[in-house]
Amino acid sequence: MRCPFCGHDDTQVKDSRPHEDGAAIRRRRICGSCGQRFTTIERVQLRDLVVIKADARRVPFERDKLARSVKVALRKRPVDAERIERIVTGLVRRLEAMGETDISSRDIGRLVMETLREIDSVAYIRFASVHWDFRETKDFADILATISTAGPGGSSDDFPPSGPKDKD
Ligand SMILES: [Zn+2]
């Protein structure tokens, strides 16, 4: 692999280890020319996917783009980086398993939403509000309806019911 710092063609693998529970391999590399170190992550790719955008443009599917949007949705939520990578890998496997090379960005968005809904409702709403095309307000109402089943909780008035303290 070419060095990303100096462009030299000869880089050496110093260390390889399983990553994401063995779904990937992480390799530490060193450049024989400039001595810079960098990491590559090797993943299985079952199929080259093409994304059909809303404006009908076709662009190659990029795992990193999908990962970024999932990470943004889960920012500061109680889901660690390792789990996010596994979630993204799971999403990619499901997209690859759909059997079609061309996948609409809308279908990808729907799949991500379905997945996030089961993981974290805040992330789900964030993702939906950014990526879903809310042409009809009903769509958004439907989304809210799917997460409002838990109800507002109502534990805020568990204030100690210590009656009126009359101190004469
Ligand atoms: Zn180099």
Practice item. Go through region 7-32 residue by residue and tally those that are of a type in the set (Gly, Ala, Ser) and surrounded by 14 or more Cβ atoms within 10 Å (Cβ to Cβ). Key: 2
Point to revise | Close pairs (7 angstrom Cβ cut-off, 6 or more residues apart or separate chains): without any contact (Cβ under 8 Å) to a residue 40 or more places away in the chain in region 61-83, assigned to a helix (DSSP H, G or I) anywhere | key: 63/88; 63/92; 67/88; 71/84
**Study point:** residue 97 over 11 Å from the mean Cα position of the chain (by Cα) and not assigned by TED's automatic domain parsing to the domain that holds residue 25
**Key:** yes
Review point. Has region 24-40 got any residue that is touching a residue at least 24 places away in the same chain (Cβ under 8 Å), touching a Leu at 6+ places or on another chain (Cβ under 8 Å) and of a type in the set (A, V, I, L, M, F, W, C)?
Key: no
Exercise for review: Could you list all residues from region 33-51 that are in contact with a His (Cβ under 7 Å, 6 or more places away or on another chain) and either loosely packed, with under 11 Cβ neighbours inside 10 Å or of a type in the set (A, V, I, L, M) (or both)?
Suggested key: 41
Exercise for review: Can you tell me which residue among 82, 20 is within 13 Å of the chain's Cα centre (by Cα) and farther than 30 Å from residue 144 by Cβ?
Suggested key: 82
Review point. Among the strands (runs of 3 or more DSSP E) confined wholly to region 1-105, which include 1 or more residues that are within 16 Å of the ligand (Cβ to nearest atom)?
Key: 11-19, 24-31, 37-43
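The values are calculated or read from the model by the stated rules, or taken from the named source; none is laboratory data. Quantities reported herein were computed from a predicted structural model and do not represent experimental measurements. Don't worry about glycine lacking a Cβ; one is built from the backbone with ideal geometry, like all the others, and counts go over all protein chains shown.
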